[in-house]
1. I'm told ALA57 meets every condition in (1) within 20 Å of THR150 (Cα to Cα); (2) open to solvent by 50 Å² or more (accessible area, probe 1.4 Å); (3) without any contact (Cβ under 8 Å) to a residue 60 or more places away in the chain except one. Can you identify the failing condition by its number?
2. With the checklist (1) surrounded by 18 or more Cβ atoms within 10 Å (Cβ to Cβ); (2) assigned to a strand (DSSP E or B) in hand, flag the one item THR74 doesn't pass.
3. Please enumerate the residues belonging to the range 60-71 that are open to solvent by 10 Å² or more (accessible area, probe 1.4 Å) and within 15 Å of the chain's Cα centre (by Cα).
4. Restricting to the range 85-123, name every residue that is surrounded by 15 or more Cβ atoms within 10 Å (Cβ to Cβ), farther than 23 Å from ALA45 by Cβ and either polar (S, T, N, Q) or touching a Pro at 6+ places or on another chain (Cβ under 9 Å) (or both).
5. If you scan the range 149-178, which residues turn out to be touching a residue at least 12 places away in the same chain (Cβ under 8 Å) and either more than 30 Å from GLY79 (Cα to Cα) or among the β-branched types (Val, Ile, Thr) (or both)?
6. Take the residues in the range 66-107 that are farther than 18 Å from ILE151 by Cβ and of a type in the set (Asp, Glu), then tell me which one is modelled with the highest pLDDT.
7. Consider only pairs whose beta carbons are under 8 Å apart and that are at least six residues apart or on different chains; among these, list those whose first residue lies in the range 37-48 and is under 24 Å from THR78 (Cβ atoms) and whose second residue is modelled with pLDDT under 60 and part of a loop (DSSP other than H, G, I, E, B).
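The values are calculated or read from the model by the stated rules, or taken from the named source; none is laboratory data. Computed from a predicted structure; not experimentally measured. Using ideal geometry, Cβ is built from the backbone for each residue, glycine included, and neighbour counts are taken over all protein chains shown. To get the accessible areas, we keep the full protein, side chains included, count just its heavy atoms, and leave off ligands, DNA and RNA. Shrake-Rupley method; radii C 1.70, N 1.55, O 1.52, S 1.80 Å.
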Amino acid sequence: LSAALVFASCNNDVKIDENKTLDDANEISFQPVVTRVMRVAGIDAETLKGTGFRVTAFQTGTTSSPYFANVDFTWNGTGYYSDNKYYWSNEYNLDFYAWAPSSLSSNYASIAVTPGTTISSQTDLVYGKATNWGKLTGSPGQNDGRSGVTINFRHAESKVIVQLKNTNSNLFFTVKDVKIGYLADA
């Protein structure tokens, strides 16, 4: 399986199904949505245009033998496209797993992040999943991807702001430390 992933990520050929008409209307592209920025230098819709994101796609309902793996999609002025073109299958729909920044050591199932020790050195991480997209007609629950797959990115980490308010002008406080405890896994 790992050999297949390396081949898929380095492949310079256009990936198509048999009997496929090659035209730009069949090319897979994305129209991402990014939730609010949670960091000082966070990823939002505008910064994503400069950095792009990475995507792995599988036939809907499977996570073996990817349609494509770890492919970078970048902004071209109208949508996010890959350098090597990938086209919609006439046979089945696709599930997409995406993340940014694409420079992180990652794959569709796990992303390794080590938080920086200062705020300015911390990397924002966004991830998203879009399932059952394709260009087949009449498939129940299917999302038509011919105008671009809508993928909702979420922030994997959070920024916490602690604000103190003193309404008594005769009192002065110096805060030396703030700790957050009893964090639960989400």
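1. With respect to (1) within 20 Å of THR150 (Cα to Cα); (2) open to solvent by 50 Å² or more (accessible area, probe 1.4 Å); (3) without any contact (Cβ under 8 Å) to a residue 60 or more places away in the chain, ALA57 is out only on (2).
2. Answer for THR74: the failing condition is (1).
3. Listed by number, the residues that qualify are ASN70, VAL71.
4. SER89, ASN90, ASN93, ASN107
5. Answer for the range 149-178, where residues must be touching a residue at least 12 places away in the same chain (Cβ under 8 Å) and either more than 30 Å from GLY79 (Cα to Cα) or among the β-branched types (Val, Ile, Thr) (or both): VAL149, THR150, ILE151, VAL160, VAL162, VAL178.
6. ASP83
7. That search, which allows pairs on different chains as well, returns ILE43/VAL37; ASP44/VAL37.
Residue by residue, here is whether (1) more than 18 Å from ARG154 (Cβ to Cβ); (2) out of contact with any strand residue (DSSP E or B) (no Cβ under 8 Å at 6 or more places or on another chain) holds:
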site: THR47; (1), (2): no, yes
site: TRP75; (1), (2): yes, yes
site: TYR92; (1), (2): yes, no
site: PHE96; (1), (2): no, no
site: ALA100; (1), (2): no, no
site: SER103; (1), (2): yes, yes
site: ALA112; (1), (2): no, no
site: THR117; (1), (2): yes, yes
